[in-house]
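Rule-based calculations on the coordinates, nothing more; no lab input. Remember, it's a predicted structure, so these values are computed and weren't measured experimentally. Heads up, the Cβs are rebuilt from the backbone with ideal geometry, glycines too, and the neighbour counts pull from every protein chain shown.
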């Protein structure tokens, strides 16, 4: 049997499959449910300073091939209310990572401090939502902005800070490098890809907001490319995100350089029972490929530092 336990930024995970932020984490019970189903850890929905209703419907459109287009608008109950939900998940024994979003470095630091007080093991910074005005990718698309935010957060909390990087930028790996310079303990790559669907009969976009974020199998090659490039640029751990539905998908991300992966759209389509199946499937796949552990597979598709070709297994 392969060893599935891994770690990200000093956080031990019983397996590399994390519940992604924003899909199933509306409540403490849903977080706890994903943990009980077998997730290696769970990430909360992104929490802001104040309650936020989000955009009007329609906010989600299912596309061919299991893809999803969404523009939710970061709905959340606010940092004053959400800690009670985190406590429910923690009482269930879950390894909980908190996710926060803000419009300035100071706001991120304040929110990170508040969510750290709930007992989460790390904080993921949403620097990458593609459709929320004044937040997400709008504050996380330049290396200077990312580094400034990370420095503020790292100076405010004692738990690891994970930067969630946008693919909607000229050089996502440069953003990851900036996060590392700012003190990030890890990076998550990627968030959704900015996209649009049109309803021709109504002559308008399908989503009420217009632009949305594309997720699901269609973005897996983009996520893999970003993880690959980031692995070549930084030394901190990488969490792969984007289009992961099967153990084979997870293996691809591990080989590209990720230590763990997040599952989002696949959970929305297949339910949290997926977390009970994926670890066993990954165990069999790693064993078949000759890897004794998750850690042994990380970055194995990259050429060795000495330039010699990597031997086939």
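Observations on the structure shown:
- Of all DSSP beta bridges confined to the range 6-297, the antiparallel ones make up roughly 35%.
- Average Cα contact separation per residue, the range 1-78, under 8 Å, 6 or more apart, as relative contact order %: 24
- For the range 1-19 and the range 277-293, distance of Cα centres in Å: 13
- Rounded to the nearest 500, the helix-only mean residue ellipticity at 222 nm of the chain stands at -10000 deg cm²/dmol, with each DSSP H run of n ≥ 4 adding -39,500 (n - 2.57).
- Residues considered: 248, 117, 64. Largest GNM mean-square fluctuation over the chain, using C-alpha springs under 10 Å, is found at 64.
- Summarised as an ellipsoid, the chain has semi-axes of 27, 22, 21 Å, derived from the eigenvalues of the Cα gyration tensor scaled by 5 and square-rooted, with the largest first.
- Most fluctuating residue given options 190, 263, 236, as computed from a GNM of the chain linking Cα atoms under 10 Å: 236
- Mean shadow area of the range 146-228 over all directions, Cα convex hull, nm²: 7.0
- Length gained when the stretch residue 171-residue 293 is fully extended (0.36 nm per residue, less Cα-Cα span): 40.8 nm
- Here r is the Cβ-Cβ distance between residue 57 and residue 104 and R0 is 41 Å; the resulting FRET efficiency, rounded to 0.05, is 0.90.
- Relative contact order (%) - the chain, alpha-carbon pairs under 8 angstrom, separation at least six: 20
- With the largest listed first and rounded to whole Å, the semi-axes of the equivalent ellipsoid of the range 160-204 from the Cα gyration tensor are 33, 10, 6.
- Residues residue 305 and residue 277, FRET efficiency given R0 of 51 Å [Cβ-Cβ distance, rounded to 0.05]: 0.90
- Evaluated at q = 0.09, 0.10, 0.14, 0.20 Å⁻¹: base-10 log I(q)/I(0), Debye formula over Cα of the range 128-287: -0.32, -0.40, -0.74, -1.23
- Proportion of all alpha-carbon pairs of the range 83-199 beyond 24 Å (%): 24
- Panel order for 100, 227, by other beta carbons found within 10 Å of each beta carbon, from fewest to most: 100, 227.
- Most mobile listed residue (162, 97, 198) in the chain, GNM with C-alpha springs under 10 Å: 198
- Anisotropy class of the range 220-290 from Cα gyration tensor, a/c 1.5 cut: oblate
- Gap separating the Cα centres of the range 97-156 and the range 164-208, nearest whole Å: 15
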